[in-house]
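Working notes, beginning with the structure itself.
A short reminder: the numbers here are calculations on the coordinates, not readings from a lab. No experiment lies behind these values; they were computed from the predicted model shown. Every residue, glycine as well, gets a Cβ built from its backbone with ideal geometry; the counts of neighbours run over all protein chains shown.
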């Protein structure tokens, strides 16, 4: 085996004691230019054990990935306190909701302040019966978090095919955005504070058990959830629609994922 040269030994020593990141540096800055130059010299030196060099490079990549995730988590925790409560300006037969355009407008400056960006992609499986919407929350240091939502075209309200597809895509983007950021919404359209909201009344007796059953039924698919919901007591459905609408939306999304899998 070729002898180890000084640069390679020095590299191993550096990688055994990696720098700890701080708030003022990005992941790319955590790799000193001297280390990059060292890799280049080692790669061109015929005396270097290539297999060992590859392991060292892999180790360095894992260190950087760990540091990038740590920076993501730290900035995400700080960002949570700055995320606004979004006014629920959209309406459906089932209640009010925060519209996608209002959510994006509210969170975009906060994301930029803390070094995040949000994007979405849409993917069609081969059978084209459903569309997969993927939300991507990326951080300036390179780590990212994803949320996926599977759905078919929205056929409600006598929509045509194009309208149904657009509605489904919008819903998927809204759902993944809320999932990634954990945003709260409020029907109050004041300065965004929900502290003054009136607490909902006590749920009807047996409501919690009914919700537990709905959650279990959602694992059996959308049709099963729909049938069970429609056959349930009216007072349960009314309370859920009026005071806890996000819960039924989450169950519907869960059931659709089961049907699409």
Exercise. Between residue 80 and residue 123, what is the label-to-label distance in nm when each label sits 7 Å out along the Cα-to-Cβ direction?
Worked result: 2.8 nm
Exercise. Which order results if 119, 185, 215 are arranged by neighbouring Cβ count within 10 Å, fewest first?
Worked result: 119, 215, 185
Problem set entry | Projected-area average for the stretch 199-261 over all orientations - Cα convex hull basis, square nanometres | 3.9 nm²
For this session: May I ask you to sort 143, 114 by Cβ crowding, counting other Cβ atoms within 10 Å and putting the fewest first?
Result: 114, 143
Exercise. What ranking of 83, 240 emerges when the number of other C-beta atoms within 10 Å of each C-beta is taken as an exposure proxy, fewest first?
Worked result: 83, 240
Problem set entry | Cβ-Cβ FRET estimate between residue 70 and residue 136, R0 fixed at 30 Å, reported to 0.05 | 0.95
Exercise. What is the Cα centroid distance between the stretch 82-151 and the stretch 231-250, reported in whole angstrom?
Worked result: 24 Å
Exercise. If you stretched the chain out fully between residue 57 and residue 227, how much longer would it get, using 0.36 nm times the residue separation minus the C-alpha to C-alpha distance?
Worked result: 55.6 nm
Seminar exercise, completed: If the chain between residue 202 and residue 144 were fully extended at 0.36 nm per residue, the gain over the current Cα-Cα distance would be 16.9 nm
